[in-house]
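The values are calculated or read from the model by the stated rules, or taken from the named source; none is laboratory data. Keep in mind that what you see is a predicted model, and the values were worked out from it rather than measured. Positions of Cβ are generated from backbone atoms using ideal geometry, with glycine treated the same way; all protein chains shown enter the neighbour counts.
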Amino acid sequence: MSDAKPSLILYGVPFSQPVRAVLWLLFLKRLPFEMALINPGSKGENGSRNPAFLAKNPAGTIPTLEDRETGFVLAEAHAILAYLCNRHGWTDLYPEGPEARARVDWYLHYHHRNVRDASLGLVAPKIRKDLQIPEAMQNAARATVTRALEALDTGWLADSAFLCGDAVTIADLACYAELGQLQAEFTNVFDFTPFPNVSAWLARMHDVPAHDDVHTVLAELGGIREEAPSTERIVGANKRALGVLKERLAEFGA
Ligand SMILES: N[C@@H](CCC(=O)N[C@@H](CS)C(=O)NCC(=O)O)C(=O)O
């Protein structure tokens, strides 16, 4: 292990869906980084709405990435995924060629306000009571994600093992960060039985290296269908996830 701090800093928490997508890519590629804990929505010292953080990312969202050597800062999970692949030449996960790459981008753009609504409709109402998400908004989000699942099941995943062909890309990492969390082994808030192609894809994604490490926080948290988890449960799950993160980073030489 080197004494020097890794150049990359990832701001976020392991429970955040878009942070998990970035974490998965970094774990897959074993790229050293430092995780700086930022509490989403908080104006406190380590909060995403604190002026110090807003100076880095005016939108006040995690994930945000910073390269301490160059001062380069980037937010938006999908921009970060694409940037890291471009920066390191990871063409296995972000294929070269205008059409192949555009197919990945297609999904990454589609994800917002479609698949992403899984968190708004199914997870956040239980975990972030403080947000007081109106019932009508939750219902609209659930309808949106159901429509998105139909599109995935009959379109993207009808004839291919992964979203953009027969190999995993960053589109799959982004999509699974949202849909994967809903599975019975994690929050258990959605029944995927009506979507056989999506179900088969979810199963396939379990075999992608680092799946279990990245999802420690969800495995520890367990089901939330019947009742919202206590603060202690959430804190405990985050602690366990951070423990695993520390172990892995030590292995990568960070
Ligand atoms: N479009 C953004 C969404 C990021 C996002 O929603 N992050 C949440 C945590 S999961 C957040 O930072 N919320 C804090 C806030 O909006 O104040 C991305 O994909 O990176």
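Scanning segment 61-72 for residues that are at negative phi and either exposed (fewer than 14 other Cβ atoms within 10 Å of the Cβ) or within 13 Å of the ligand (Cβ to nearest atom) (or both) yields Thr61, Ile62, Pro63, Thr64, Leu65, Arg68, Glu69, Thr70, Phe72. Any residue in segment 78-87 that is away from the ligand (no atom under 14 Å from the Cβ) and in contact (Cβ under 8 Å) with a residue 12 or more places away in the chain? Yes, because at least one residue in segment 78-87 is away from the ligand (no atom under 14 Å from the Cβ) and in contact (Cβ under 8 Å) with a residue 12 or more places away in the chain. Please verify whether segment 193-215 includes one or more residues that are over 23 Å from Arg116 (Cβ atoms), assigned to a loop (DSSP other than H, G, I, E, B) and of a type in the set (Ser, Thr, Tyr). Checked segment 193-215: no residue is over 23 Å from Arg116 (Cβ atoms), assigned to a loop (DSSP other than H, G, I, E, B) and of a type in the set (Ser, Thr, Tyr).
I'd like to know if segment 66-73 contains one or more residues that are of a type in the set (Lys, Arg), touching a strand residue (DSSP E or B) at 6+ places or on another chain (Cβ under 7 Å) and in contact (Cβ under 8 Å) with a residue 12 or more places away in the chain. Checked against the condition, which is being of a type in the set (Lys, Arg), touching a strand residue (DSSP E or B) at 6+ places or on another chain (Cβ under 7 Å) and in contact (Cβ under 8 Å) with a residue 12 or more places away in the chain, segment 66-73 yields at least one hit.
Taken over segment 36-55, the criterion of being buried (at least 21 other Cβ atoms within 10 Å of the Cβ) and either small (Gly, Ala, Ser) or in a strand (DSSP E or B) (or both) is satisfied by Ser48 alone.
Table: residues versus (1) at positive phi; (2) crowded, with 21+ Cβ neighbours inside 10 Å; (3) β-branched (Val, Ile, Thr).
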residue	(1), (2), (3)
Tyr176	no, yes, no
Asn188	yes, no, no
Thr193	no, no, yes
Arg204	no, no, no
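You will find that of Asp153, Asp105, the residue that is of a type in the set (Asp, Glu), more than 16 Å from the ligand (Cβ to nearest atom), modelled with pLDDT of 95 or more and surrounded by 14 or more Cβ atoms within 10 Å (Cβ to Cβ) is Asp153 and no other. Of all residues in segment 11-32, none are within 14 Å of the ligand (Cβ to nearest atom), loosely packed, with under 15 Cβ neighbours inside 10 Å and outside any helix (DSSP H, G or I).
Just one of the numbered conditions (1) within 23 Å of Ala241 (Cβ to Cβ); (2) in contact (Cβ under 8 Å) with a residue 40 or more places away in the chain is not true of Ala203: (2).
Set side by side, the residues Pro95, Pro125, Pro58 differ, and just one is free of Cβ contacts under 8 Å to residues at least 12 places away in the same chain and either away from the ligand (no atom under 12 Å from the Cβ) or loosely packed, with under 14 Cβ neighbours inside 10 Å (or both), which is Pro58. Take segment 216-236 and flag every residue that is modelled with pLDDT of 95 or more and part of a helix (DSSP H, G or I). Correct list: Thr216, Val217, Leu218, Ala219, Glu220, Leu221. Being in contact with a Ser or Thr (Cβ under 7 Å, 6 or more places away or on another chain) and among the aromatic types (Phe, Trp, Tyr) narrows it down to one residue among Tyr94, Tyr83; which is it? Going through Tyr94, Tyr83 in turn, the sole match is Tyr94.
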